[in-house]
Amino acid sequence: MSEKRLAGRTVAILMESDFVEPELHYYQRRFTEEGARVEFLTRLWGQDSLTFHGHEFQQPFTVTGDLENVDLDRIDVLIVPSGMVSDRLRYTEDVQEPAPAVRLLKDAFADPRIIKGIICHGLWLASPIAEVVKGRRVTCHNNLIGDVRNMGAVYTDQDVVVDRDLVTGRTADHCHEFARMIIDLLAAGTPNAGARPDFTFSDLVAGYVTGFEAGVIGLRTNDGRSVQVRLTSTTSAEFVRNLAEPYIDASGHLDQLLTPGSYLFAHGIFYPENGAYTFEAKALTFLGKAPGEYTFEQPDWWVRQIRELGRFYRKAQFGQDGPIDYASYRTMLRLGGEKSDQQVQETDTISRMVYGMSSAYMLTGEEDFLEVAQQGAAYLREHMRFVDRDEDVVYWYHGIEVRDGAERKLFTSEFGDDYDAIPMYEQIYALAGPTQLYRLTGDPRIAADIDGTLRLFQRFFRDPELGGYYSHIDPILLSPHHESLGPNRSRKNWNSVGDHAPAYLINLFLATGDERHAAMLEETFDLIVKHMPRNDSPYVQERFHADWTPDTSWHWQQNRAVVGHNLKIAWNLMRMMSIRPKDRYRGLATEIGEKMPALGSDPQRGGWYDVVERTLAPGQSIHRFVWHDRKAWWQQEQAILAYQILAGLTGENEFLRRARESAAFYNAFFLDHDEGGVYFNVLADGHPYLLGTERFKGSHSMSMCHAAELCFLATVYQRLLIDKEPLTLWFKPRPDGFVDRVLRVAPDALPPGRVRLEWVEVDGSPYQLFDAAAMTVKLPDSAAPLTVRAHLAPVEE
């Protein structure tokens, strides 16, 4: 005889007229086969029993269980079936009070021990209590997709979806998979199933204080779970702090700080005892001194951070006060900023530092940052640029190898994924730093280089027939189709199509106002919206063949998703809404913003994960991590910026909450208070991961760019869009800068009419020739570079 996996368990199924007969009969038989007791419950209205009839065959079904008198303590599973059952059960005589079935469902959601199974139209029963499914992954009948999104749930296009103690099914036709998932989950939760570790372990919990009494903190995690945190005689506490700030102890003020609504991190140890866990905190980190207060929302928080980042990289590469000589620049920096023995100077890495230093100048006005940026751009132009006079294009070397005063040009990529090819990704990021600097100076040499590189993109990377840009071209014929490219032959990907906007193209449009650049942005975003969302996964598809069919065989990516790329798409679609708005841009951005917390964030600890499998294997309910559950600094940046701009442009508090939670994790765990700079990766619980190349502060992708981009744009979004406070920026236009002598000072793509230019100073004196609404300054003629301060302010509604 086969094992009765559900022996001793009780499955309760709600019932009313217009039920789907095959579905209900299947549950009755299948759960019984596994040894469970099956009960049918309805509102009996004072009767001993009621007989209902099915939807398709009018079969009678008599129910004797009264849902108004059921004891949930003896229920292990509560199922809301398909058909019209949920619609009939949500009827209430008193419109001010929820129906008894709704109250029962709410009580069941309050008990995570009970598995809630809701299929097809069953989610109607949750509509009066939308908070129970808000932020949770669900599936449902296609007719209810709009309903569940309005309820705040994250619609997931799968037949069966599991979100902790909630199992949802698409239609009655999927009742078999739905029931099997419930059976497997319930069986896995039996005492002998080994579902929970029976050993001590340390971990992190992030959450909102719900209470504090007798040394026990009640916390509500980011996804709404309750955790009891016990304090001990050795528990310490501190406040989150910025770079270059001292440790601030909070241990003596816990009674005042542990007030409901305050957000904190608790590091501690889980002890398995008495059939549950006891969690004892060893270290607490507070994000502010009162509920709703977040230190990182201080007006100058990100400005101070970018200043310290600039000083760290300036000292590491050139000394604290030494001459700025890029001949001594090195790509690889160790944890404390010391240079490694690697002799290669990568074009992209210098460009990224130019971006970071330009952004630091824009926020602080410190001339040293500008000098580092200008010298870097000049070095790129002299050493890393190739001007092809015959083809009238510019392209950029991978880098140069510097040994004993001599340099060797590295024409093609040295990276394994791109080896011996010219990747679009490297050409894109070669423009990132010079373009940001061009916004400040208007240097015509930079403008010429950008135009030449854009001609390279249009003539050799662009697909004129099917649209988009190829990811690689060969170095001889400049063809994307040459057989020497191997697995990169005739391929397109997120980077080759989507990275133009954040790396340089939006900034180029901001600097020039040229509609050519707006048109290129529109083309790339139209392609993103058309091709990257796919029905096979809640994550976007990132790699394609030439005809836009998915490429699921490429190197490490296979059929995998980078969490940060999904967030990056949402962030940049919202930026595009201020340039050439389209409903489908906003629609995809908000959809990603709503569903990604359940798909890419850590609901217990905070922060965002790295690479996951796009699809679920049979029997899985959680997308698997590809290599590890570590968290990279740049993916936190994408989350912060995505949710800040979503909050700023939609006004949705849920997006603001996600932005704050993301910024809290980043500022609490990624800032290196000992050596300076930010960590590359941290473990799931926030401790820095300092092994191998991930202990470096300078590398191919890590040279101040993403960290500075975060500081700059978080300042812009927080000040101008969220807090509605003014912001002052610095510029340094050259005498020959900007063809029309018009300086455009908009800090980012912002909605027309939301921000105005309030005042301008030129070389320290008030200046009046500016257009407040357009945020432009008509520059005076000059013989030397001008120092321009532009003061921006939100428009009062």
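Annotation: average projected area of the chain is 38.8 square nanometres, based on the convex hull of Cα atoms across all directions. The radius of gyration of the Cα set in the range 1-88, together with its Dmax, comes out at 13.2, 42 angstrom.
For the range 207-290, the per residue solvent-accessible surface stands at 46 Å², with DNA, RNA and ligands left out and a 1.4 Å probe. Across the range 398-512, Cα-Cα distances exceeding 24 Å account for 30% of all pairs.
Taking each DSSP H run with n ≥ 4 as -39500 (n - 2.57) and averaging over every residue of the chain yields -9500 deg cm²/dmol at 222 nm.
If we sort 473-485, 634-646, 167-179 on the protection proxy, mean other Cβ atoms within 10 Å, highest first, what's the order?
Top to bottom by mean Cβ count within 10 Å: 634-646, 167-179, 473-485.
Eigenvalues of the alpha-carbon gyration tensor of the range 689-754, scaled by 5 and square-rooted, set the equivalent ellipsoid semi-axes at 31, 20, 9 angstrom, largest first.
Structural descriptor for the range 177-275: relative contact order 33 percent, calculated from alpha carbon pairs under 8 angstrom and at least 6 residues apart. Site pair residue 371 and residue 616 shows an inter-label distance of 5.9 nm when each label is modelled 7 Å from Cα along Cα→Cβ.
The modelled label-to-label distance for the pair residue 553/residue 783, using points 7 Å beyond Cα in the direction of Cβ, is 6.8 nm.
Solvent-accessible surface of the range 551-670, taken per residue with a 1.4 Å probe and all protein chains present: 30 Å². Take every pair of alpha-carbon atoms less than 8 Å apart whose residues are at least six positions apart; their mean separation over the length of the range 241-322 yields a relative contact order of 26 percent. Averaging Cα coordinates gives a centre for the range 507-525 and one for the range 219-253; these two points are 45 Å apart.
Of all lysines in the structure, the ones whose alpha carbon falls short of 16 Å from that of residue 778, not counting any fewer than 8 places away in one chain, are 732.
Relative contact order of the chain, taken over Cα pairs closer than 8 Å and 6 or more residues apart, is 10 percent.
Distance between Cα centroids, the range 431-446 to the range 552-606: provide it in whole Å. So the separation of the two Cα centres works out to 29 Å. All distinct Cα pairs of the range 618-761 go into the 1/r average, and the inverse of that average, the Kirkwood radius, is 17.8 Å.
Annotation: residue 367 carries an accessible surface of approximately 90 Å², with a 1.4 Å probe and no ligand, DNA or RNA atoms counted.
Of the trypsin sites (Lys or Arg not before Pro) found in the range 494-554, those that fall in a DSSP loop while having at most 15 other beta-carbon atoms within 10 Å are 534. For the range 474-627, what does the alpha-carbon gyration tensor say about shape, rounded, prolate or oblate, given a ≥ b ≥ c as the root eigenvalues, a/c under 1.5 as rounded, and a/b over b/c as prolate? In terms of gyration-tensor shape, oblate. Only protein heavy atoms count here; on that basis, with a 1.4 Å probe, residue 582 has an accessible area of about 40 Å². Largest first, the three principal axis extents of the alpha carbons in the range 452-496 are 25, 22, 19 Å in whole numbers. Restricting the calculation to alpha carbons of the range 286-437 gives Rg and Dmax of 17.8, 65 angstrom. Given the C-alpha centroids of the range 258-308 and the range 56-101, what is the distance between them in whole angstrom? The range 258-308 and the range 56-101 have Cα centres spaced 41 Å from each other. Full extension of the chain between residue 445 and residue 276 yields a length gain of 54.2 nm, computed as 0.36 nm times the residue separation minus the alpha carbon distance.
Candidate cross-link partners of residue 116 among the lysines, defined by an alpha-carbon separation under 29 Å and a same-chain spacing of 8 or more, comprise 4, 106, 134, 595.
The values are calculated or read from the model by the stated rules, or taken from the named source; none is laboratory data. All figures in this text were calculated on a predicted structure; none of them were measured in a lab. Every residue, glycine among them, receives a Cβ derived from its backbone with ideal geometry; neighbour counts consider all protein chains shown. What goes into the accessible areas is simple: the full protein's heavy atoms, side chains included, and nothing from ligands, DNA or RNA. Shrake-Rupley method; radii C 1.70, N 1.55, O 1.52, S 1.80 Å.
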